[in-house]
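The values are calculated or read from the model by the stated rules, or taken from the named source; none is laboratory data. Nothing here was measured: the structure is a model prediction, and the numbers come from that model. Backbone-built Cβ (ideal geometry, glycine too); neighbour counts: all protein chains shown. Side chains are part of the model used for accessible areas, which takes the heavy atoms of the whole protein and leaves out ligands, DNA and RNA. Shrake-Rupley method; radii C 1.70, N 1.55, O 1.52, S 1.80 Å.
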Amino acid sequence: MAPQPFTVADVMTKKVVAVRPGAEFKEIVAAMERWKVTAVPVVEGEGRVVGVVSEADLLLKEEFHDHRLGLVEQMRRLDATAKAGSRRAGDLMTSPAVTVAPGASLPRAARLMAAHRVKRLPVVDASGVVQGIVSRSDLLKVFLRPDEELAAEVRRDVVEHLFPLSHRRVEVRVDAGVVTLSGEVRDSALVPLAARLARAVEGVVDVRCELTAEGRTQPCPG
């Protein structure tokens with residue numbers, strides 16, 4: 001059995017600071033300052049996410065505060081200039097919101113953030129109702145797992161599973177998230193797979209192979 005990956009639900013912040021579409025500009029700024037967040041989801045009804053207001057959306061008002069645009073630049077930046085003249089969340093928000101499901105993997109959440117250049121994602125259920133917020137810092141929480149916990153998971157889910165006859169001859173050491181596999185195994189063909197599965201354990205930084213089979217050290221895949 002392969003290691004069970006962490007999901008967004010495992011690391012997300014469940015307490016969500018959100019605003020309604022009718023929230024005023026200063027109300028949004030005050031909420032961000034009070035809760036120390038850089039963006040807030042905009043919700044309707046029972047919590048369905050319809051957009052997100054970020055600091056970048058709000059700063060457009062400051063950017064255009066004393067700057068008159070020429071006609072060409074106005075046409076090129078219609079959305080930005082419209083937001084600069086707005087004062088309610090429904091007009092300021094970026095919509096549709098980029099969201100992620102609670103069961104999504106951490107790599108998927110990271111790819112979404114990178115692709116859309118955002119720092120946090122609303123976590124929504126199948127109906128679009130907000131369940132939490134996941135940020136870049138949340139995705140890094142897995143790297144705070146204790147070395148002892150990582151070693152136990154690698155031994156249980158990787159070593160004992162792949163090497164049922166020789167697992168007692170395999171040592172698993174973890175130092176600052178770096179896993180070292182050493183000892184002797186019977187099947188050299190399984191060594192690269194062991195390295196890949198160990199590397200897939202959430203919180204593992206890297207894997208070093210010192211496993212031997214038939215008297216020869218088996219290299220780990222990169």
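Summary table below
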| item | result |
| --- | --- |
| Extension reserve of the R216-S182 stretch, reckoned as 0.36 nm per residue once the Cα distance is removed | 11.0 nm |
| Derived scalar couplings ³J(HN,Hα) [the stretch 24-33; Karplus, 6.51 cos²θ - 1.76 cosθ + 1.60; whole Hz; x for Gly, Pro] | 7, 3, 5, 5, 5, 4, 5, 5, 4, 5 |
| Computed FRET value (nearest 0.05) for A152 with E44, which takes r as the C-beta separation and R₀ as 45 Å | 0.50 |
| Accessible area expressed per residue, the stretch 120-162, with surrounding protein chains retained (probe 1.4 Å, Å²) | 48 Å² |
| Within the accessible area of the stretch 144-200 (1.4 Å probe), percent carbon and sulfur | 52 percent |
